[in-house]
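Q: I am attaching a structure below and will ask some questions about it afterwards.
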Amino acid sequence: MAVKIRLSRRGRKKMAMYDIIVADSRSPRDGRFIEKIGSYNPNTDPSTVVIKSDRAVHWLMVGAQPTDTTRSILSHEGVMLRKHLQVGVQKGAITQEQADEKFTQWKEGKEGRIAGTVETKQQQKETERQARMEAERKVNEARAEAIAKKNKVEEPAAEAPAAEATEGEATAEETPAADATAETPAAE
């Protein structure tokens, strides 16, 4: 009987989640399985993986073959490294303490890289948000200037007739005075 470590789909349409299972290779994807060893949710950022690493290492050691996707997930979580180190311990190449030390060093480095990636993504989102806000601010300023120009053009047109009327009144007032001065010398 060939045993596989593979994914079993669950969840709703277009929001799939997967169980990481150990199953007979002849059983259907969502059918019978021997043991559920974890879950994988690709819908989150970064994707969420919950796995019983001890059981996964056990099944790998007894000969279960992971599928390509599951191998990638297990490698990402450090299960494949633990299996590799455990094989070295069984062959006598390294001691269990050395294997545990190597694994903890890898795990600490991995956590640091994940934290750096999350921080980089947050900074990128903040930069994009600032760029969007600046672009929106420029558009709003352009709109405000266009409205101000439109209002300025209308205001001088409204003031011009009033100015003409003021000048007309002044000329009308000057005209009778000129007529009065013109009449006065004639009256003499």
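Q: Using a basic spin-label model with each label point 7 Å from the Cα along Cα→Cβ, how many nm lie between Glu35 and Glu141?
A: Label-label distance for Glu35 and Glu141, simple model: 6.5 nm.
Q: Which whole-number percentage describes the relative contact order of region 1-124, with Cα contacts under 8 Å and a sequence gap of 6 or more?
A: Across region 1-124, relative contact order equals 18 percent.
Q: I'd like the Karplus ³J(HN,Hα) series for region 26-41: coefficients 6.51, -1.76, 1.60, θ = phi - 60°, whole numbers in Hz, and an x wherever there's a Gly or Pro.
A: So the J values, rounded to whole Hz, are 8, 6, x, 3, 9, x, 5, 9, 7, 8, 8, 10, x, 9, 9, 10.
Q: Summing +1 for each Lys or Arg and -1 for each Asp or Glu, what net charge is found among the other residues whose Cβ lies under 12 Å from the Cβ of Ser27?
A: For residues surrounding Ser27, the net value is +3.
Q: Continuing with this model, one more query. So what are the ³J(HN,Hα) numbers for region 66-75, from phi and the Karplus equation (6.51, -1.76, 1.60; θ = phi - 60°), rounded to whole Hz, Gly and Pro as x?
A: Working through the residues one at a time gives x, 6, 4, 5, 5, 4, 4, 5, 5, 5 Hz.
Q: In a shell of Cβ-Cβ distance under 13 Å around Ala144, excluding Ala144 itself, what net charge do Lys and Arg (+1) and Asp and Glu (-1) give?
A: +3
Q: Quick one: pull the percent of accessible area on region 1-149 belonging to carbon and sulfur, 1.4 Å probe, ligands and nucleic acids left out.
A: 52
Q: In the structure shown, do any of Lys36/Lys110; Lys4/Lys36; Lys52/Lys83; Lys52/Lys107; Lys83/Lys110 have a Cα-Cα gap over 20 Å, and if so which?
A: Table pairs above 20 Å Cα-Cα are Lys36/Lys110.
Q: Additional query: With a 10 Å radius around each residue's Cβ, average the other Cβ atoms per peptide and rank 51-60, 86-95, highest first.
A: 51-60, 86-95
Q: Here is a follow-up. If R₀ is 35 angstrom, what is the calculated FRET efficiency for the pair Lys150 and Glu128, using the beta carbon separation as r and rounding to 0.05?
A: E between Lys150 and Glu128, to the nearest 0.05, is 0.60.
Q: Under a crude label model (7 Å from the Cα following the beta-carbon direction), how far is Met15 from His58 in nanometres?
A: Here the modelled spin labels are 3.4 nm apart.
Q: Shifting gears a bit: Once you list every other residue whose beta carbon is under 10 Å from the beta carbon of Val57, what net charge do they have if Lys and Arg are +1 and Asp and Glu are -1?
A: Charge balance near Val57 sits at +3.
The values are calculated or read from the model by the stated rules, or taken from the named source; none is laboratory data. Note that the coordinates shown come from a computational prediction; the quantities given were computed from them, not determined experimentally. With ideal geometry, Cβ positions are generated from the backbone for all residues, glycine too; neighbour counts draw on all protein chains shown. With ligands, DNA and RNA removed, areas are computed over all heavy atoms of the protein, side chains included. Shrake-Rupley method; radii C 1.70, N 1.55, O 1.52, S 1.80 Å.
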